[in-house]
1. Hey, in the GNM for chain A with a 10 angstrom Cα cutoff, which one of A:P256, A:P215, A:P35 fluctuates hardest?
2. I'm checking a number: the convex hull volume of the Cα atoms of the protein assembly as shown, normalised per residue, in Å³. What is it?
3. With each label point set 7 Å from Cα along the Cα-Cβ vector, what nm distance links A:F182 and B:N128?
4. List the residue ranges in chain A for DSSP H helices whose C-alpha atoms run 15 angstrom or more along the long axis and whose Kyte-Doolittle average is 0.0 or above.
5. So if R0 is 45 Å, what FRET efficiency would B:L112 and A:V245 give, r being the distance between their Cβ atoms, rounded to the nearest 0.05?
6. Based only on the alpha carbon positions, what is the Kirkwood hydrodynamic radius of region A:3-261, in angstrom?
7. Taking the Cα centre as origin and putting +1 on Lys and Arg beta-carbons and -1 on Asp and Glu beta-carbons, what dipole magnitude results for the protein assembly as shown, to the nearest 20 debye?
8. Tell me, Kirkwood radius of region B:84-151 from alpha-carbon pair distances, in Å?
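Bear in mind these aren't lab numbers, they're just calculated from the coordinates by the rules spelled out. For clarity, every value in this text was computed on a predicted model and none was experimentally measured. Neighbour counts are summed over all protein chains in view; Cβ atoms, including those assigned to glycine, are modelled from backbone coordinates with ideal geometry.
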Amino acid sequence: MKPVHYWHCFVGIQVREWLRFWQQRTRFFSALVRPLLWLVVFAAGFRAVLGVSIIPPYQTYITYETYIAPGLCGMIVLFNSMQGALSMVYDRELGSMRVLLMSPLPRPFLLVTKLLSMGIVSIGQVYVFLLVARLLDVEPPAWGYLAVLPALLLASLMLGALGLLIATWIKQLENFAGVMNFVIFPMFFLSSALYPLWKMQEASPWLYWLCQFNPFTHAVEAIRFALYLQWNPQAFGITAAVTLVLAGLATAGFRPQRTKILDTKTA
Amino acid sequence: MTIEARNIGFRYGSKQVLTEVSFTLAAGRFHALLGPNGAGKSTLFGLMTRLLALQTGDLFLDGQSLRKQPADAMRHIGVVFQQNALDLDLTVRQNLLYHAALHGLSRKEARLRSDRELERFALAERANDPVRLLNGGHRRRVEIARALLHHPTLLLLDEPTVGLDVASRAALNSHVRKLCAEDGLTVLWATHLIEEVQPEDRVLILHEGVLLANGEGQALCDHEGQPDLATTFHALTGAGSS
């Protein structure tokens, strides 16, 4: 196969993902409710309790809404990527996955492209969220909207790869509720999405270290810094490295027979 | 194109599902893979399509090993799965274009081929309908049209008539036979329904993971001293024909 074949395949998968998004656009908007609730209700309620001092990348005091907005962007990517990756091997996408895996192109390429395309759709959702957040006075610099794109892509790929890895290997977590309780919620709450890590360190050093080991923390920080036009090489580097490792493990260990893609009960 | 399976074995955990299965498919012929439910047909299809990894043995398409050169081999195979593999939310044409893209075809070429196949399968008028609106027979035809888009030489159909009424089953079966005759396509049609098999077909009978017979339907009947395929199948497998 030549590079042009890879390109046609890449474009085809992207197009399909956007077509599906268009077909299910009501779900797209309903999924926006969760982060907006956090931004409008949670942040308003906790603003006084969780005051934020001046920390990079911010150059002045900020509102709590401003602080959690990048974390909520991460939240959107986290939920969508994990749910998307799980659906690849468990329910909604089974038929499509069979077709995908029949392609003569290498499976790692197909799987990463698929994860990336799902990530791109969820990034569309992040931008809609950021637009609404702007109306609520969360106003990052204009160029920040562009600068944040690579961080969002990386985060979505990392979380999608994690979802695929979990779905392929851990049969006990085969429903989304299990993944919510054991993966998504711990990842989200043990991160810098809702509170700066120095606050966590004051409360509990070991929780602070758990947050530091959580790759989602670094993904959120990469998003936060990029959105405010600053480069955080540590956050970006860790997110990129974890993405590489997870994508490598997820694609190398992917076996359709470990999933429901090939329902062998019908053999 | 010749297709050869050589000593295919497969086990799920401690359960041996396929044992030393070997056969050769003749180019341009209709082959029926006959076996009761649980015989190992879908597992064999899973192996032939790389959804399952080969454990022992190998498959060769024109001498190309599926184990060693999977991409080359997969370019020549079209598959219709037992379960629906169409995206119900997308239109018929969108489903075809997606498949074409996965095989590296350009948008222009994909459109050209899609239109041709839709015409051939009398689906042109439904091209822009969401698949969800199609009945079972039409969906199956879309799946076959899709499987042929990349011009395979081997078409695998895993119990393609499941869920269809009698008339649709017969229509689909005769349509695939026509394709086989007109395009020189090698067809492997897995089924547990004897009425979908004709005496002139090449028949492979799989039972409990073992290939019990492989040859012309009529020759198998003669060999077993049975009047027809149904009784031959029954005699070999001890199973009633559905």
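1. Its mean-square fluctuation being the largest, the pick is A:P256.
2. Numbers: hull volume 78.4 nm³, N = 509.
Output value, Cα hull per residue: 154 Å³.
3. 4.8 nm
4. Details: long enough: A:3-23 (30 Å, -0.14); A:64-89 (38 Å, 0.97); A:107-135 (43 Å, 1.50); A:144-169 (37 Å, 1.97); A:215-227 (18 Å, 0.77); A:233-252 (28 Å, 1.50).
Those that pass (Cα extent of 15 Å or more, hydropathy at least 0.0) are A:64-89, A:107-135, A:144-169, A:215-227, A:233-252.
5. Numbers: r = 42 Å, r/R0 = 0.94.
Result of the calculation: an efficiency of 0.60.
6. Details: mean 1/r = 0.0533 Å⁻¹.
Over region A:3-261, the inverse of the mean reciprocal pair distance is 18.8 Å.
7. Details: 45 positive and 38 negative charges, 214 e Å.
So the dipole magnitude of the protein assembly as shown works out to roughly 1020 debye.
8. On the way: mean 1/r = 0.0876 Å⁻¹.
Radius from the Kirkwood sum: 11.4 Å.
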